[in-house]
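Structure first, then comments.
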């Protein structure tokens, strides 16, 4: 089996991002982004998706976190697209429900070749540890645009905003793991009746 690894760099006047991933990893994460709460959430993707993530970013955090969060999402999406390759043999679809105390989230993903984000998270607070929670939509939008995936995110229950967000990222990691699993019965086959994705 070919290694499903990729490294991508994105350099702009606002951020310099380096991402390396291994889709068949053990959940190891090496994160240096300068946004601790985002790093905590990306660690959930690695651990629960069994994806090795190495992400380093230098961004214009003196302005705010926006460009850093968005560009990490974009670059991560590019790395996923590169590592997945032609998509032959993958399960394509993934879903997960994850609870954390009172919070419960559902994430469903389709590596369809068509970017789309449908996100409903009724945050109970606007910030967590100084982090603007609205920026997570920018992260996921950047990801789907460049991974070419359709992503549905629904926080079904939750009072504690940290719990709401953490259930989303844990469920995202689990859904990725399911969607990217190689099905031996699909070996060399495209998971689409169109013959391409």
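Values quoted throughout were computed directly from the atomic coordinates according to the rules given, and no laboratory measurement underlies them. Note that the coordinates shown come from a computational prediction; the quantities given were computed from them, not determined experimentally. Neighbour counts are summed over all protein chains in view; Cβ atoms, including those assigned to glycine, are modelled from backbone coordinates with ideal geometry.
Over the chain, what is the relative contact order in percent, taking alpha-carbon pairs closer than 8 angstrom and at least six residues apart? Spell out each step's value before the answer.
Numbers: 478 pairs, mean separation 51.6, N = 197.
Normalised by residue count, the contact order of the chain is 26 percent.
Report Rg(Cα)/(2.2 N^0.38 Å) for segment 1-99, keeping two decimals.
1.11
Using a Gaussian network model of the chain whose springs link C-alpha atoms within less than 10 Å, name the residue from 118, 56, 152 with the highest mean-square fluctuation.
Ranking 118, 56, 152 by mean-square fluctuation puts 118 first.
How big is the Rg/Rh ratio for segment 63-144, C-alpha atoms only, Rh by Kirkwood, two decimals? Before the final figure, lay out the partial values.
Working: Rg = 14.7 Å, Rh = 14.6 Å.
So for segment 63-144, dividing Rg by the Kirkwood Rh gives 1.01.
Would you mind telling me the antiparallel percentage of the DSSP bridges in the chain, rounded to 5? The partial results should precede the final answer.
Working: 33 of 42 bridges.
Beta bridges within the chain, antiparallel portion: roughly 80 percent.
Relative to 2.2 N^0.38 Å, what does the C-alpha radius of gyration of the chain come to as a ratio? Two decimals please. Could the numbers behind the result be given before it?
Working: Rg = 16.0 Å, N = 197, 2.2 N^0.38 = 16.4 Å.
After normalising by residue count via 2.2 N^0.38 Å, the value is 0.98.
What is the angle, in °, between the Cα long axis of helix 135-147 and the longest principal axis of the Cα atoms in the chain? Nearest 10 is fine, range 0 to 90.
Helix 135-147 sits roughly 20 degrees off the main axis of the chain.
Highest mean first, what order results for 15-28, 62-75 on Cβ atoms within 10 Å? Working shown, then result.
Working: 15-28: 18.1, 62-75: 20.0.
Per-residue Cβ counts within 10 Å, averaged per peptide and sorted highest first, yield 62-75, 15-28.
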